[in-house]
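What follows is a single structure, written as structure tokens, with notes after it.
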Amino acid sequence: KNRVFSGAQPSGKMTLGNYLGAFKNWVALQQDYECLYCVVDMHAITVWQDPADLAAQTREAAAAYLACGVNPKESILFNQSQVSGHAELSWIFNCIARLGWLNRMTQFKDKAGKNSQNASTGLYVYPNLMAADILLYQATHVPVGDDQKQHLELTRDIAAKFNHDYNTEIFPEVHPIIMGEGARIMSLRDGSKKMSKSDPSEASRINLNDTSDILAKKIRKAKTDPELIPAKAELLEGRPEAQNLIGIMAALAERSRDDICAEYEGKGFGDFKKGLTEVVIDKLAPITEEMARLQNEPAYIDQVLRDGSERASALSEPILKEVKKIVGFIQ
Ligand code: AQP
């Protein structure tokens, strides 16, 4: 079986974007791949995280994976910091990746903002850690959204340079599993910005643990335009907020955008939002309930993470040992 690695940062509450762009696909991949799903807490601290919040968010992320359908008996569900190989291999990769490569990463520029001198050095080498996450397990496939494509290219470059420099074939070529463009969910307040856990506006996102009342209110207040819904999705061009809301309904209901447009043709967004609220509540309520149930059992979640981390360590140890031998480290 081919091996998949993926993860999400416990840098806030898990959102509808994480669900549609990642978790929903992860569950489907379990059928055909050997999967590792990681809560990447070491990535999260590249920007400041309050320690108590980080622990709570890590458990919440694990609860979200489980509630969405990740099976911890089949897949390996764990948190990154419990497997020290991630840190060890990422150091080696810090010495493989070139400054010029990292300087091209657009996500660093976006996240560091104007005051980049004040960004952590961890944020800068984040892509090297991501390469280590994947290659520590010789994973062959990584599900990626648009925003992660550049980082995955870097992973491939690091693997190729390591193999070349040390004259080895230890690291496989990593292939992206490209998620449909429909999976990119935008902010409810600004259709040109991605829905994000760390957006300062709470109204910009739907959290997986929002109550039905809060969901309904956020959808009611979501930004739209005064135009009516057209007969076909292609006619939504240039209306990013409208496109986003129709895309969310299509993704959740597993229907085409055209089909949704046909149903609401000639109606305004007031009507559409009522329908959208029903679909969102219908799809998310079972996840929200299961997350709440799991979060009342932190000892269970911690045990799942410990078990997963042990399995991940067992898988990675021989690979890391071999890497160290190749590099010339005495062990
Ligand atoms: N809005 C989104 N639409 C589609 N997919 C999304 N993902 C995140 N937001 C959306 C996907 O979820 C996975 C985990 O992402 P992450 O938590 O590692 O990091 P991120 O993409 O940086 O997510 P955020 O919410 O924007 O976090 P912060 O605010 O901390 O930077 C990835 O597969 C991602 O594509």
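Wholly within region 1-75, which helices (runs of 4 or more DSSP H) include no fewer than the required count, namely at least 2 residues that are more than 15 Å from the ligand (Cβ to nearest atom) and open to solvent by 20 Å² or more (accessible area, probe 1.4 Å)? By residue number, 51-68.
Taken as a whole, the structure places Tyr124 among residues that are within 16 Å of the ligand (Cβ to nearest atom) and either farther than 22 Å from Ser84 by Cα or in the same structural domain as Trp91 (by TED's automatic domain parsing) (or both). For region 239-294, a residue qualifies if it is closer than 14 Å to Glu227 by Cβ and among the aliphatic types (A, V, I, L, M), and the qualifying residues are Ala242, Leu245, Ile246.
I'm told Gln107 meets every condition in (1) at pLDDT 95 or above; (2) farther than 23 Å from Lys321 by Cα except one. Can you identify the failing condition by its number? Among (1) at pLDDT 95 or above; (2) farther than 23 Å from Lys321 by Cα, Gln107 violates only (1).
Residue count for region 115-145 satisfying the condition of being open to solvent by less than 30 Å² (accessible area, probe 1.4 Å) and of a type in the set (Ser, Thr, Tyr): 3. Scanning region 263-285 for residues that are open to solvent by 60 Å² or more (accessible area, probe 1.4 Å), part of a helix (DSSP H, G or I) and farther than 23 Å from Tyr19 by Cα gives Glu263, Asp271. Restricted to region 204-218, and to residues there that are buried (at least 20 other Cβ atoms within 10 Å of the Cβ) and part of a helix (DSSP H, G or I), the residue that is nearest to the chain's Cα centre (by Cα) is Ser204.
Here is a list: Glu153, Glu173. Which entry is modelled with pLDDT of 95 or more, over 15 Å from Arg3 (Cβ atoms) and of a type in the set (Asp, Glu)? Step through it out loud before you land on a result.
Values: Glu173 fails: over 15 Å from Arg3 (Cβ atoms).
Checking each option against the conditions leaves just Glu153.
Of everything listed in (1) part of a strand (DSSP E or B); (2) exposed (fewer than 14 other Cβ atoms within 10 Å of the Cβ), the single unmet condition for Glu169 is (1).
The values are calculated or read from the model by the stated rules, or taken from the named source; none is laboratory data. The structure presented is a predicted model; accordingly, all values stated were derived computationally and were not measured. So basically every Cβ, Gly included, is an ideal-geometry build from the backbone, and we count neighbours across all protein chains shown. Surface areas here come from the heavy atoms of the whole protein model, side chains and all, with no ligands, DNA or RNA. Shrake-Rupley method; radii C 1.70, N 1.55, O 1.52, S 1.80 Å.
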